[in-house]
Every structure is written in C-alpha cells, then in structure tokens.
Amino acid sequence: LARIDAANKDLNAFLETTGQLALDAAARIDAAVAAGTLDELGPLAGVPVAFKDNMNLAGTHTTCSSKMLENYVSPFTATCVERTIAAGGIPLGKLNMDEFAFGSSTETSAFGPTRNPWDVTCVPGGSSGGSAAAVAAGLATVTLGSDTGGSIRQPGSFCGTVAVKPTYGVVSRYGVVAFGSSLDQVGPFARSVEDAALAMNAIAGRDVLDCTSQDVGTDFTANLAEGVRGMRIGVVPAFMEAKGLTPEVKAKVEEAAEHLRALGAELVEVELPNAQAAMSAYYVLGPCEAFSNLARFDSVRYGYCDPGHTDLNSQYEASRAVGFGPETRRRVMLGSYLLSAGVYDRYYYPAQQVRTLITQDYARAYEQVDCILAPVSPRTSFKFGEVSDPTDMYLSDMFTISINIAGNGGMSLPVGLGADTHLPVGVQLISPAFKDENMFRAAAALE
Ligand code: GLN
C-alpha cells in the first residue's frame, strides 16, 4: 500500500486504495499460513489484486472515473470481484479508466490520466489504463479490466502485460457498470500467461445474477505446456496490410507468426471479409447501448445532482451536462440520435446485420484454424494530447473491435519493444467462442 501511494504520484493508476480491507484480507492469509491451510484458500491465495473502477466492491467508491459518480459508494460487490477475493486475492483498490470506459488512452478520466510506467509522457492505453499500468509497474499482480471494443487488450499492449478478453458470457458482468451490454466482457491483466489463466479459473463461470453467463468448465491452465505442434493458426492478410499499421508492430506480428511456425504450428491464411465494417457497426451499436445504459444517471436515481433547480427537466439537463465529460456526452448524443424514429432503420438495424455477417466470417475462419494471430493495436503508445481527433482515437481499436462484435475471445501477449519507438508491443491471439483455451495454449508457447 505504501508503494502504491509512492508510485501513484507519477502514475495515477489507483483512484482509491482499500486500506483496512486489504490488511484484513492479508491477515486471513497469514492465519492460513500459520494453520497450514493456505491451499484451501484458493488459486489466488495472497495475490495482490485490484479492480477497474467500474466494478463494485462494497464499501468503496465506484466512480467510473466520472464526476457523475464521484460520491457513489457501492452497497454491493460485483461477481468477478467477489470471486477474485474468494479465491484468496487481496483487494488493494480501484483503478483509473476512461470515463464510463469511453476511450483508448485513459485521458477522458475526470480524475486525470494514468501515465504509462514505461514512459510517463505516454498514455497507458484505455479504457482500462489503470489496470494495465498497475500490473506493469508491479503495484498489483493481477488486475481486472473490462473490454467493450479493445479496452483490455489495447492497454495490455501499450503497457506490456498479458491482457485477456474472454468469450462473451465466460465472466459474469453482474456489478460491473454497463457500457454496451452485448459487448462488455471482464478479464484479467497479469505478468504471465499462467497468472492470467489462474485468474480466469477464479472468475469464469455461470452466475445466476447475469443470465448471459455460462458454465464453460474450462481449466484455463490445462494446456499451457502442450506447445503448438499440430495447431492451425490463422493470419488475416487484410489486417497485415491495413492502413495505419506501423512497420514496427507489423514486424512483431510477423516474428510471432514465424516463431509459431518454428514451434510446429501450421500457419493458414484466413479471410474476414466483413471485418472492415466492424468499426462502423461498433460506433452505432456501442453508443446506442451506452445511451440506454447511461439513462439511469439522471441525478435522481443515481449520480451528481446539480443544485438549485425547481423543475425536473432543468435538473436533468444541468446534472448530465456537468456530471458527464465531453466524450460521454458525445456517445449519449450519438446513441440518442441513432435510436430516434426514422434514423433507427438506417443505422441500428443495418449495424445488427453487419454484426451477423462478421460473426459468420469468424465461424467460417474457425472451420480452418484453431486460433487467429493478429495485431492488437496499429501502433505503440502515444504522447498525451497527441491523438486529439475522436475518430483518430477510435482507430486504436481497428483490430480488436470485430472480436467484441462476434463475441469470441481475444488476448494481448507482450512480445517485446518496438524497433522504432522502444515501447511495448503486444500481439493478439483470437479464439473461437468458448474455446478460450486455444489462445492460452498458443500464448503460452509464444511467451
Ligand atoms: N476504445 C473503444 C471505445 O472508446 C473501446 C472501449 C472499451 O472497450 N471499453 O469505445
């Protein structure tokens, strides 16, 4: 906790530490060690963990890095958080993020950006920037983030940590503040593939409080030592030729492909012909779902209440204008427009059709391969303020978004520093839905 306090002055990764809660959890571990019952505590016994600030942990603030929820104290605990603690994790605190998870740099946080531990003049990525930075700086061994379009994998790539977005439905979303309910998925950041697999074992599985969650019965550690001999790994030529992919990132993905081949995997070219429409579909579906999910922050049921108003509409308007930052307001306005009568048929409905086509593309590709190798982000981390146009920022997720659209699993594996920027680069491994163990197997071999 003292190290977090010291390092946080530079990094601003933690919004809050848990103090006594962490000390009590640690005391339980000490007692178990003394009694010789540590093994009964679970796979994360004594492991320091921390959570993105859109996850409820009873008694702590859950701000989503928004002024809207600055004073909100959770009365309950999210299932993913509860399971991490039940597995023996020591909860250290809550981590900075882009406001309501809208962004790719953690610059939209109402409480100041998190800085990248590799170079504090650079962004950590986002929206789970605090979760990535905390693991990269050694302030927690495992953290949880959420990923709607890339928000676990891209900061994982920027900070050089393993970062997993499981198949939609593998981890319960109960108690995680919703952005896009059909896209959101919780997953771990860790320093090794094995640590990430252990964390997955702790948090995965059916939860009656989230009807989209499923029991998969996967032991994520089961095939880590198997190697990739006999595995068929897909590469997507269109991804490798994408405009904006920097030469240093491209080179790292090509190196990883060669490495997998040398280890005995078969490389197969696969096409995802509709994936180039994923970005357009996402920036329709995402804002529509966000608009709907953020309606509850109305200053009456939840959130900041602007003082002095005598009628409800002006209270709503002023509270949301002050409580939400610019990117959040942009998403809400976009969603409200896209769902309005007449407009809905032209955007929302076609976006859902595109979603089906992309899902079918992946299903066809997985008839030929066990796993796909791709870039995570087109580039390494950038300087604060460097990407100021929102649509340029949205391009950060050009290789991650189609996976949320289709609902399958994806993870970022650090593969060293880029030749030009000397900043961390991650490669993405993408699994068929509910076969997340495939990407873990390939990642463990590459690690
Ligand atoms: N960067 C994307 C966005 O701004 C994805 C965010 C996320 O995955 N939460 O919407």
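The values are calculated or read from the model by the stated rules, or taken from the named source; none is laboratory data. Because the structure is a prediction, the values reported are computed rather than measured. Here Cβ is always computed from backbone atoms with ideal geometry, including for glycine, and neighbour counts include all displayed protein chains.
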task = Please give the number of the condition Tyr349 fails out of (1) within 16 Å of the ligand (Cβ to nearest atom); (2) surrounded by fewer than 19 Cβ atoms within 10 Å (Cβ to Cβ).
result = (1)
Of the criteria (1) farther than 23 Å from Gly126 by Cβ; (2) in a helix (DSSP H, G or I), which one Gly342 fails = (2)
ask   = Can you name the residue in the stretch 180-204 that is charged (D, E, K, R) and assigned to a loop (DSSP other than H, G, I, E, B) and, of all such residues, is farthest from the ligand (Cβ to nearest atom)?
value = Arg191
ask   = Is it fair to say Thr161 is crowded, with 18+ Cβ neighbours inside 10 Å, touching a residue at least 24 places away in the same chain (Cβ under 8 Å) and in contact with an Asp or Glu (Cβ under 7 Å, 6 or more places away or on another chain)?
value = no
task = Residue by residue through the stretch 66-117, note down the ones that are closer than 17 Å to Ala136 by Cβ and within 14 Å of the ligand (Cβ to nearest atom).
result = Leu95, Asn96, Met97, Ser104, Ser105, Thr106
Pair list, Cβ < 7 Å and 6+ apart or interchain, from the stretch 381-395 residues that are under 21 Å from Arg331 (Cβ atoms) to residues that are more than 14 Å from the ligand (Cβ to nearest atom) and not acidic (Asp, Glu) = Leu395/Gly244
inquiry  = So, in the stretch 9-33, how many residues would count as being in a helix (DSSP H, G or I) and touching a residue at least 40 places away in the same chain (Cβ under 8 Å)?
reply    = 7
task = Output yes when any residue across the stretch 247-265 is among the β-branched types (Val, Ile, Thr) and crowded, with 21+ Cβ neighbours inside 10 Å, and no when none is.
result = yes
ask   = Residue check: is Tyr174 modelled with pLDDT of 95 or more, under 26 Å from Gly325 (Cα atoms) and among the aromatic types (Phe, Trp, Tyr)?
value = yes
ask   = Quick one: would you say Arg330 is within 16 Å of the ligand (Cβ to nearest atom) and more than 20 Å from the chain's Cα centre (by Cα)?
value = yes
task = Determine which member of the set Ala50, Ala58 is at pLDDT 95 or above, among the hydrophobic types (A, V, I, L, M, F, W, C) and closer than 21 Å to Pro124 by Cα.
result = Ala50
message = Considering only residues that are in a loop (DSSP other than H, G, I, E, B) and more than 31 Å from the chain's Cα centre (by Cα), which ones fall in the stretch 306-327?
response = Asp306, Pro307, Gly308, His309, Thr310, Asp311
inquiry  = List pairs: first residue in the stretch 298-325 and without any contact (Cβ under 8 Å) to a residue 60 or more places away in the chain and over 25 Å from Pro113 (Cβ atoms), second residue charged (D, E, K, R) and surrounded by 18 or more Cβ atoms within 10 Å (Cβ to Cβ) anywhere in the structure, Cβ distance under 8 angstrom, at least six positions apart or on different chains.
reply    = Asp298/Arg320; Ser299/Arg320
task = For residues that are under 13 Å from the mean Cα position of the chain (by Cα) and within 12 Å of the ligand (Cβ to nearest atom), scanning just the stretch 391-412, find the one that is surrounded by the most Cβ atoms within 10 Å (Cβ to Cβ).
result = Ile403
Which numbered condition Val270 fails, given (1) within 16 Å of the ligand (Cβ to nearest atom); (2) among the β-branched types (Val, Ile, Thr); (3) more than 30 Å from Asn54 (Cα to Cα) = (1)
query = Within the stretch 121-179, can you find the residues that are within 12 Å of the ligand (Cβ to nearest atom), in a loop (DSSP other than H, G, I, E, B) and within 10 Å of the chain's Cα centre (by Cα)?
reply = Gly126, Ser127, Ser128, Thr148, Gly149, Gly150, Ser151, Ile152
Some residue of the stretch 50-60 being surrounded by 17 or more Cβ atoms within 10 Å (Cβ to Cβ), assigned to a helix (DSSP H, G or I), under 25 Å from the mean Cα position of the chain (by Cα) and touching a residue at least 60 places away in the same chain (Cβ under 8 Å) = no
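A quick yes/no check of all residues on (1) more than 19 Å from Ala178 (Cβ to Cβ); (2) assigned to a helix (DSSP H, G or I); (3) at pLDDT 95 or above:
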{"site": "Glu271", "(1), (2), (3)": "yes, no, yes"}
{"site": "Tyr283", "(1), (2), (3)": "no, yes, yes"}
{"site": "Gly286", "(1), (2), (3)": "no, yes, yes"}
{"site": "Glu289", "(1), (2), (3)": "no, yes, yes"}
{"site": "Leu294", "(1), (2), (3)": "no, yes, yes"}
{"site": "Arg301", "(1), (2), (3)": "no, no, no"}
key: Residues located in the stretch 222-269, provided they are free of Cβ contacts under 8 Å to residues at least 40 places away in the same chain and in a loop (DSSP other than H, G, I, E, B)   = Arg229, Gly230, Glu241, Lys243, Gly264
